[in-house]
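The block underneath contains the structure these notes are about, expressed in structure tokens.
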């Protein structure tokens, strides 16, 4: 089996499991008392955010490895992860305001976390634009992308820190508390299941996108 | 180490001498800065908000735009007559080239900012005399980090299509931490808060500068090597 | 259930639909691009 067909298989499985997430979240997970039904957006928004962050982290890592080892495959992987990450970022940026509006009363807020997600999006866009805009010499595209990927990944904590100095509206982390998660068991399971599915989706997408990159390299 | 700095200074001096001979770039950037300040004045309702509330933002955003413009020309000089290739053939290390470019850019932007500040004071009637040293230090800190990243990126974008558009698109996200921190600290300075209250912002600015100057110096060779 | 649970299921439906559209559209795009391999 080629990488592309294996990627398609993984994606297909992930999509089926995503249906499972939908069913479980919508029908078999209780309503949250204070936020109502809109709280269930959480089961899609947070895993999407995780995938988007994971993808950017992978872009940064692959960029460093490319500059150190000069292996074209790292560049191909970075390009794949960037495009996939952008897709998850769009999910995150659309579900975020849809969750914020009913729960906070506002579509958008310039708090630390939301602003960070917006910047993550613009980093992705900048990365993709740069790859498109670089023509010759060959190899320049990989090097420039790697430079941008590394700088961008280093930038993100600074964005978070500096924007944090403004008041933050974002809900405090309730899952990863050191003592015990304050999320009731049923909801936690749904969330973790969704995390798994979104991670699998990331893997399937990247495999396929990597295969696309291989195709254009050997064309 | 001294070789690094000596060579860097040679590069910087070359750029600055060229700038001095025809002052077009400097004058244009200065005029742009003044025009942005004027635009900001007409962009606000004077009866609605006190100047002091907007002043930090106006100053820092104007400086950000001016620096962006200045960075566009950073590698333009080398683009003409393929001077960059010539520069790369010299025994001067890549790092020296980067630091030299950085110094030249900082001098250029610094001069624009220095001339722009009195105009800002005049246009918006904001007293800065009593906090001038702190303000100058703060502006310097926030400019350095931003220009460090910009110098790196401008080396990359000159070989891309639509270079003038690419540079701001890539660069502006990196301008946010220095901008945010500068605005926060400037607001404290303008309203007469003691310097201690801005110390956290200044430390973070310094950290940003150190990280990105270091990173840019490390990564610069990747932008010019084949 | 207590009466004061907010009635905002519309947003939930919208978000779940939008997510499905984005994920499926991207999956379809990748499927088309890797067809034949």
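Using 7 Å Cα-to-Cβ label points, what is the residue B:89/residue B:107 separation (nm, one decimal)?
About 2.6 nm separates the two model spin labels.
Within the range B:144-160, find all residues whose amide N lies under 20 Å from a label point positioned 7 Å from the Cα of residue B:76 along Cα-to-beta-carbon.
Backbone N within reach: B:147-160.
Taking Cα atoms, how many degrees apart are the long axis of helix A:140-164 and the longest axis of chain A, rounded to 10 and kept between 0 and 90?
Roughly 30 degrees between the two axes.
For the pair residue B:225 and residue A:154, how long in nm is the line joining their label points, each one 7 Å along Cα→Cβ?
1.6 nm
To test your reading of the geometry: what angle, between 0 and 90 degrees and rounded to tens, separates the Cα axis of helix B:132-157 from the longest principal axis of chain B?
The angle comes out at about 40 degrees.
Determine, for A:41, B:97, the number of other Cβ atoms within 10 Å of each Cβ, and report the residues in order from fewest to most.
In order of increasing Cβ crowding within 10 Å: B:97, A:41.
If I take R0 = 60 Å and measure r between the Cβ atoms of residue A:1 and residue B:5 in this structure, what FRET efficiency does the formula 1/(1 + (r/R0)^6) give, to the nearest 0.05?
Result of the calculation: an efficiency of 0.60.
Determine the shape class of chain A: with a ≥ b ≥ c the square roots of the Cα gyration tensor eigenvalues, call it rounded for a/c under 1.5, and otherwise prolate if a/b is greater than b/c, oblate otherwise.
oblate
So what's the gap between the Cα centers of the range B:7-30 and the range B:167-226, to the nearest angstrom?
Answer, in whole Å: 24.
Treat each spin label as a single point 7 Å out from the Cα along the C-beta direction, and report the residue B:164 to residue B:23 distance in nm.
Those two pseudo-labels are separated by 2.4 nm.
Neighbouring Cβ atoms within 10 Å as the yardstick, rank C:12, A:58 fewest first.
Listing C:12, A:58 from fewest to most nearby Cβ atoms yields A:58, C:12.
Can you tell which of A:97, A:47, A:184 shows the greatest fluctuation in a Gaussian network model of chain A with Cα springs below 10 Å?
Most flexible of the set in this elastic network: A:184.
Using helices alone, I'd like the mean residue ellipticity at 222 nm for chain B: each DSSP H run of four-plus residues gives -39500 (n - 2.57), total over residue count, nearest 500.
About -28000 deg cm²/dmol.
Is the C-alpha gyration tensor of the protein assembly as shown telling us rounded, prolate or oblate? Criteria: a/c under 1.5 is rounded; beyond that, a/b larger than b/c is prolate, otherwise oblate.
Oblate shape, in that a/c is at least 1.5 and b/c is the bigger or equal ratio.
At 222 nm, what value in deg cm²/dmol follows for chain A if DSSP H runs of at least 4 each add -39500 (n - 2.57) and the sum is divided by all its residues, to the nearest 500?
-27500 deg cm²/dmol
Determine the gain in length on full extension of the stretch residue B:196-residue B:136; use 0.36 nm per residue of separation and subtract their C-alpha separation, reporting nm with one decimal.
The residue B:196-residue B:136 span can extend by a further 20.0 nm.
Under the classification rounded if a/c is under 1.5, otherwise prolate if a/b is larger than b/c and oblate if not, where does the range B:2-224 fall, given a ≥ b ≥ c as square roots of the Cα gyration tensor eigenvalues?
prolate
Got a sec? How would A:145, B:142, B:22, C:29 order by Cβ neighbour count within 10 Å, fewest to most?
Taking fewest neighbouring Cβ atoms as first place, the list is B:22, C:29, A:145, B:142.
Could you please state, rounded to a whole Å, how far the C-alpha centre of the range B:48-117 is from the C-alpha centre of the range A:15-58?
45 Å
If you stretched the chain out fully between residue B:114 and residue B:50, how much longer would it get, using 0.36 nm times the residue separation minus the C-alpha to C-alpha distance?
Stretched fully, the residue B:114-residue B:50 segment lengthens by 20.6 nm.
If I fit a long axis through the Cα atoms of helix A:112-133 and take the longest principal axis of the Cα atoms of chain A, what angle between them do I get, 0 to 90°, rounded to 10?
20 degrees
Rounded to the nearest 0.05, what FRET efficiency do residue A:164 and residue A:125 have when you use their Cβ-Cβ distance and R0 = 30 Å?
0.80
Would you mind getting me the FRET efficiency between residue C:13 and residue A:186? Use the beta-carbon distance for r and R0 = 22 Å, nearest 0.05.
E(calc), rounded to 0.05, equals 0.60.
Coordinate-derived values only; no laboratory data. Quick caveat, the model's predicted, so the values are computed rather than measured. Using ideal geometry, Cβ is built from the backbone for each residue, glycine included, and neighbour counts are taken over all protein chains shown.
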